[in-house]
């Protein structure tokens with residue numbers, strides 16, 4: 001469970017400071033599928049970074065399973081990102097010189113998983129997202145939807161309890177968008193994941209169990 005209380009985050013822009021998150025109080029129960037919408041610059045990506053232990057708040061608490069990420073050491077945050085949270089990004093973030101399998105395996109390297117086990121787990125993860133026959137292809141040989149499936153396999157191969165997705169369908173056409181959201185929805189139901197999706201797309205948000213709006217750093221819904 002996520003429990004946020006009084007969370008604020010500001011950034012310096014030139015000579016002024018911009019408030020990205022303004023005193024958010026929010027609870028996300030385990031196993032919930034949440035969509036976050038809102039205008040550009042409203043703080044959505046910042047909130048996702050705080051949930052993902054990629055940023056620390058200026059004030060307030062960000063608790064995940066009772067562990068306050070705002071106060072955790074850098075080493076502890078690194079372990080949380082490596083073991084507990086899977087990330088999916090709009091730009092896929094695949095390494096172009098690695099095959100699909102090797103890209104998925106990168107998520108297991110920080111965990112010290114032996115080479116052969118990494119390979120077998122990566123192949124199983126690719127099979128789960130429908131890409132067993134594309135394991136040895138490089139990103140340039142894959143469509144946008146296939147690349148996003150590789151990214152999802154990479155996020156899930158370490159068996160996280162949380163999946164955070166930042167505009168996961170932003171670079172995809174409508175048909176492929178629906179396929180990817182259907183895949184995420186199916187994995188959510190099968191694995192009991194906590195899933196938080198930032199999206200501008202109302203069709204994507206409509207698939208979520210819960211919809212939140214973030215505007216001017218404040219959350220509603």
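Among the residues of the stretch 40-55, the ones that are out of contact with any strand residue (DSSP E or B) (no Cβ under 8 Å at 6 or more places or on another chain) and surrounded by 15 or more Cβ atoms within 10 Å (Cβ to Cβ) come to 2 in all. Taking the criterion of being surrounded by 13 or more Cβ atoms within 10 Å (Cβ to Cβ), over 21 Å from residue 177 (Cα atoms) and without any contact (Cβ under 8 Å) to a residue 40 or more places away in the chain, the residues of the stretch 121-141 that qualify are 121, 122, 123, 124, 135, 137. Restricting attention to the stretch 2-39, and to residues there that are in a loop (DSSP other than H, G, I, E, B) and in contact with a strand residue (DSSP E or B) (Cβ under 7 Å, 6 or more places away or on another chain), which single residue is modelled with the lowest pLDDT? This residue is 39.
State which residue is nearest to residue 214 (Cα to Cα) when the search covers only the stretch 9-21 and only residues that are out of contact with any helix residue (DSSP H, G or I) (no Cβ under 9 Å at 6 or more places or on another chain) and buried (at least 16 other Cβ atoms within 10 Å of the Cβ).
Among those residues, the one meeting the criterion is 19.
Considering the conditions (1) without any contact (Cβ under 8 Å) to a residue 24 or more places away in the chain; (2) touching a strand residue (DSSP E or B) at 6+ places or on another chain (Cβ under 6 Å); (3) at negative phi, residue 160 is excluded by exactly one of them, (1). So for the stretch 72-82 (the condition being crowded, with 18+ Cβ neighbours inside 10 Å, out of contact with any strand residue (DSSP E or B) (no Cβ under 8 Å at 6 or more places or on another chain) and more than 22 Å from residue 8 (Cα to Cα)), does at least one residue qualify? No, the conditions are met nowhere in the stretch 72-82. Taking the stretch 197-216 as the range and being closer than 15 Å to residue 47 by Cα and in contact with a helix residue (DSSP H, G or I) (Cβ under 6 Å, 6 or more places away or on another chain) as the test, the residues that pass are 198, 199, 211, 214. Taking the stretch 188-221 as the range and being closer than 20 Å to residue 144 by Cα and part of a strand (DSSP E or B) as the test, the residues that pass are 197, 198.
Considering only residues that are part of a helix (DSSP H, G or I) and surrounded by fewer than 17 Cβ atoms within 10 Å (Cβ to Cβ), which ones fall in the stretch 88-118? Lay out the reasoning, then the answer.
Step one: list which residues in the stretch 88-118 are part of a helix (DSSP H, G or I), which gives 100-105, 109-111, 115-118.
109, 110, 111, 115, 116, 117 - these are the residues of the stretch 88-118 that are part of a helix (DSSP H, G or I) and surrounded by fewer than 17 Cβ atoms within 10 Å (Cβ to Cβ).
Of all residues in the stretch 121-136, those satisfying the criterion of being over 21 Å from residue 90 (Cβ atoms) and either at pLDDT 95 or above or part of a loop (DSSP other than H, G, I, E, B) (or both) are 121, 122, 123, 124, 127, 132, 133, 135, 136.
Using the structure shown, decide if residue 185 is more than 16 Å from residue 29 (Cβ to Cβ), assigned to a helix (DSSP H, G or I), under 18 Å from the mean Cα position of the chain (by Cα) and free of Cβ contacts under 8 Å to residues at least 12 places away in the same chain.
Details: more than 16 Å from residue 29 (Cβ to Cβ): yes; assigned to a helix (DSSP H, G or I): yes; under 18 Å from the mean Cα position of the chain (by Cα): yes; free of Cβ contacts under 8 Å to residues at least 12 places away in the same chain: no.
In short, no.
Kindly establish whether residue 61 is modelled with pLDDT under 95 and either surrounded by fewer than 18 Cβ atoms within 10 Å (Cβ to Cβ) or out of contact with any helix residue (DSSP H, G or I) (no Cβ under 7 Å at 6 or more places or on another chain) (or both). Answer is no for this residue. Restricting to the stretch 99-110, name every residue that is under 15 Å from residue 86 (Cα atoms) and out of contact with any helix residue (DSSP H, G or I) (no Cβ under 6 Å at 6 or more places or on another chain). 106, 109 - these are the residues of the stretch 99-110 that are under 15 Å from residue 86 (Cα atoms) and out of contact with any helix residue (DSSP H, G or I) (no Cβ under 6 Å at 6 or more places or on another chain).
The values are calculated or read from the model by the stated rules, or taken from the named source; none is laboratory data. What you see is a predicted model; the values in this text were computed from it and never measured. Every residue, glycine as well, gets a Cβ built from its backbone with ideal geometry; the counts of neighbours run over all protein chains shown.
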